[in-house]
Amino acid sequence: MLHSARLSLWSLLANRLTSSIPQEIGNIATLEELVLGDNLLEGPLPSNLGNLRSLKRLLLSANNFTGVIPDTFGNLKNLTDLYLQGTSMEGPIPTTISLLTNLIELRISDLNGASSNFPDLKALKKIQRLDLSFNKLTGPIPGTFKRLQKLNYMFLTNNSLTGILPDWILNSNRTYHSLFINCGGHKMTFENNEYEEDVTPSGPSTFFSAEKWAYSSTGLYMGNDSAEFIARTSFGSNVTRARLYESARLAPQSLKYYGLCMRQGSYKVKLHFAEIMYSNDQSYCSLGRRIFDVSIQGNVVLKDFNIMEKAGGARISHVEEFDNILVNGSSTLEIHLYWLGKGTTAIPTRSVYGPLISAITVTPNFKVDDGGLLVAAIIGIVATSCFVVVLILLVLRRKGYLGVKDLEDKEFRGLDLQTGYFSLRQIKQATNSFDVANQIGEGGFGPVYKGVLPDGTIIAVKQLSSKSKQGNREFVNEIGMISALQHPNLVRLYGCCIEGNQLLLVYEYLENNSLARALLVVRNNDLKWIGQQERKYCWDLNAKISDFGLAKLDEEENTHISTRIAGTVGYMAPEYAMRGYLTDKADVYSFGVVGLEIVSGKSNTNYRPKEEFVYLLDWAYVLQEQGNLLELVDPNLGSNYSKQEAMSMLNLALLCTNPSPTLRPSMSSVVSMVEGEIPVQALIIKRGSMDQDASLKPLRFYHITAKLTSPCSLRIVRIKEACQVMDHG
């Protein structure tokens, strides 16, 4: 029975638990910590949780609770930490919260219902961190908060506060001596400095304030009222630090960044730029000219500044460095970027103009003194700390807590991941705690969910399921591969989340359509295909490949990759599907299959013209030998097509699908054949030839066995059928 258990800690963090909190938990008198955050719990909170008089930490955030916070929580006099963020509960905050005089951290946010006044917190003398955001609080900030001498952080975002900001906040002694902002991008580490995220969506007139900095954006884009104020690119720049330049904040007229509460003194300011909205080719997109001015502390430091001109092209990083920037009495650093009407305004589209910046770095030119300890005291503290740390590590290793994590860290350290990082809480908020209604598919890693980030960006989250055979190594490998690739035809990987037992990939979201669906539109709904599920397309037929995750573990510098097979039946080259042998000719084979399907209007895996032929390609070989290859052309076309073009495409498809990878053309040769630069050679296949027939046997065997997904009895019958193919051809 729960009430008789001698429990002091009960943690079930992020286990996707459903239902409500059992009433019996309120009977565990010895419980000191109850951690149930990041689950799918619902219903009201049991009032008898107030009976847990020994409780010190109560963490219930990121669930779907309803009702109000029980007044009985005022009985938890030993409580030091209370988290109730991101629930569906209603206000107001109960007055009994004022009785929790041992609280160090109080986080209550996102309460629904009517507006309410501030709770009376003057008795919480030990409080250090307070978050009451998104609670519809009204009125001024209570003057009694000034008595909370140990309060270090206070967050009151998105309430309905009135009145004047109290002097005790304005005259705070807290100051800063450095600033790192990833403008328009997510939180990341670059050159051993942690850059803060800056992803808040802007508007014609916006002011946003963080703890150490703020920005203001003004202006309305000409000819495009819905233009974005954050720019992103899937190409990256041509340097190793591309991640810092994949996003940027921009404004049509004026963009100001403020460093708040800066220590007085001299600073070095670095402004990071990369023009990511133009191109370097000879297309129309390369003709744009972005020209703007920059001032720091009111002094113009860049006049008629053109990023592309300074960097030597688009998508190339450039840093402007300014030394001896002085911050005096105001303790504020102001960086102002503004447009004075110069440059283009409609290339490649309307609204591409105005100031743009990728990141800001501010470091002090003075020695930072954080209090100054004696050398002997520092040595003593360090020595004692090292001894304690070594002792803790020895205890943890003896208990078996170390080792597995170290192995996981080694795998991650070997990768230069070119992605951002998301917390589990961010992803749960974006997907509504992985709501089933947001599930858009099921892949090799597990379910895929649609989500929306706070800045309005729609994402697709791929979650590694617990039943998946792919472990951390495969997951790390996929991140490493995708993050290193930037291509317009690859679905962009925004970032990842590795937290607890959760392994998640965050992609850009595309409407779930396939090659077959796209071609159905083009060809007036005449075709009925089943296309590759790994390919999704925009309606302008710009191909986007997702799940680009063949586990290329290129170990021992092999020229081929032998690993777990991943792909779509009927499109994988036989040498890869049967033996795991992957070369650059595997994609050529897949191209040939798709080309054959396009001309014939039939699926390679589902079409069987006769019982003795198990797939479309097998039937194509027969027709080619008989000289009747044009019988493959989609009958829905009638006679309204070029026979010469059809024959060229069919012969090219057969060349590409040669069972032997060495006899397939290279992809560059395929492109030249499609463009008519070199002739297409017809493939000569003699089914009577023993060698050729032998090479086709395993191909047919692969296509039969690949479909064995039916119940057991039918599977046995099909295995026998496959064996007969191998015996008799």
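What dipole magnitude, in Debye to the nearest 20, does the stretch 179-364 give about its Cα centre under +1 on Lys/Arg Cβ and -1 on Asp/Glu Cβ?
Computed charge dipole of the stretch 179-364: roughly 140 debye.
Report the gain in length on full extension from TRP168 to ARG579: 0.36 nm times residue separation, minus Cα-Cα distance, nm rounded to one decimal.
Extra length from TRP168 to ARG579 when fully extended: 140.8 nm.
Let me check I've understood the local charge: for ASP435, count other residues with C-beta under 12 angstrom from its C-beta, Lys and Arg +1, Asp and Glu -1. What total comes out?
Computed value for this residue: +3.
What is the fewest-to-most order of ARG290, ARG6 by other Cβ atoms lying within 10 Å of their Cβ?
By the 10 Å Cβ count, ascending, the order reads ARG6, ARG290.
Length gain on complete extension for the stretch GLU625 to THR138, per 0.36 nm per residue less the alpha carbon to alpha carbon distance?
Between GLU625 and THR138, full extension yields an extra 167.0 nm.
What number, in percent, do you get for the relative contact order of the stretch 273-323 if the mean sequence gap of Cα pairs under 8 Å and at least 6 apart is divided by its residue count?
Computed value for the stretch 273-323: 44 percent relative contact order.
Fewest to most neighbouring Cβ within 10 Å: what's the order for THR233, THR384, THR66?
Lowest to highest Cβ neighbour count: THR384, THR66, THR233.
Got the relative contact order for the stretch 179-364 handy, in percent, Cα pairs under 8 Å and 6 or more residues apart?
This gives 28 percent for the stretch 179-364.
For a protection proxy built on the mean count of beta-carbon atoms within 10 angstrom, sort 10-19, 245-254 highest first, please.
Descending mean neighbour count gives 245-254, 10-19.
Between LYS310 and SER11, 0.36 nm times their residue separation minus their Cα-Cα distance comes to what?
Answer, rounded to one decimal: 102.2 nm.
How many nm is it between the label spots at SER116 and ASN365, if each spot is 7 Å from the Cα in line with the beta carbon?
5.3
With a cut-off of 8 Å between alpha carbons and a minimum separation of six or more residues, what is the relative contact order of the stretch 154-211 in percent?
21
If I model a spin label at ARG263 and GLU677 as a point 7 Å from the Cα along the Cα→Cβ vector, what separation in nanometres do I get?
Going by the 7 Å Cα→Cβ label model, 6.1 nm.
If packing is taken as the average count of other Cβ atoms within 10 Å, what order do 106-115, 199-208 fall into, highest mean first?
In decreasing order of mean packing, 106-115, 199-208 become 106-115, 199-208.
Would you mind getting me the FRET efficiency between ASP587 and THR101? Use the beta-carbon distance for r and R0 = 56 Å, nearest 0.05.
My answer for the efficiency is 0.25.
In the neighborhood of ARG57, defined by Cβ-to-Cβ distances under 10 Å, what is the net charge if each Lys or Arg adds +1 and each Asp or Glu adds -1?
Around ARG57, the surrounding residues sum to -3.
Using packing as a proxy for protection, rank 28-34, 143-149 so that the peptide with the highest average count of other Cβ atoms within 10 Å comes first.
Packing order, densest peptide first, comes out as 28-34, 143-149.
Is the C-alpha gyration tensor of the stretch 1-129 telling us rounded, prolate or oblate? Criteria: a/c under 1.5 is rounded; beyond that, a/b larger than b/c is prolate, otherwise oblate.
oblate
Rounded to the nearest 0.05, what FRET efficiency do GLU334 and ALA29 give with R0 = 41 Å and r taken as the Cβ-Cβ distance? Could you check?
0.10
Tally Lys and Arg at +1 and Asp and Glu at -1 over the other residues with C-beta under 11 Å from the C-beta of ASN152: what net charge comes out?
Around ASN152, the charge tally is +1.
For a footprinting-style exposure proxy, rank MET572, MET578 by other Cβ within 10 Å, fewest first.
Ascending number of Cβ neighbours within 10 Å: MET578, MET572.
Coordinate-derived values only; no laboratory data. None of these values were measured; they are calculated from a predicted model. Positions of Cβ are backbone-derived with ideal geometry, glycine not excepted, and every protein chain shown enters the neighbour counts.
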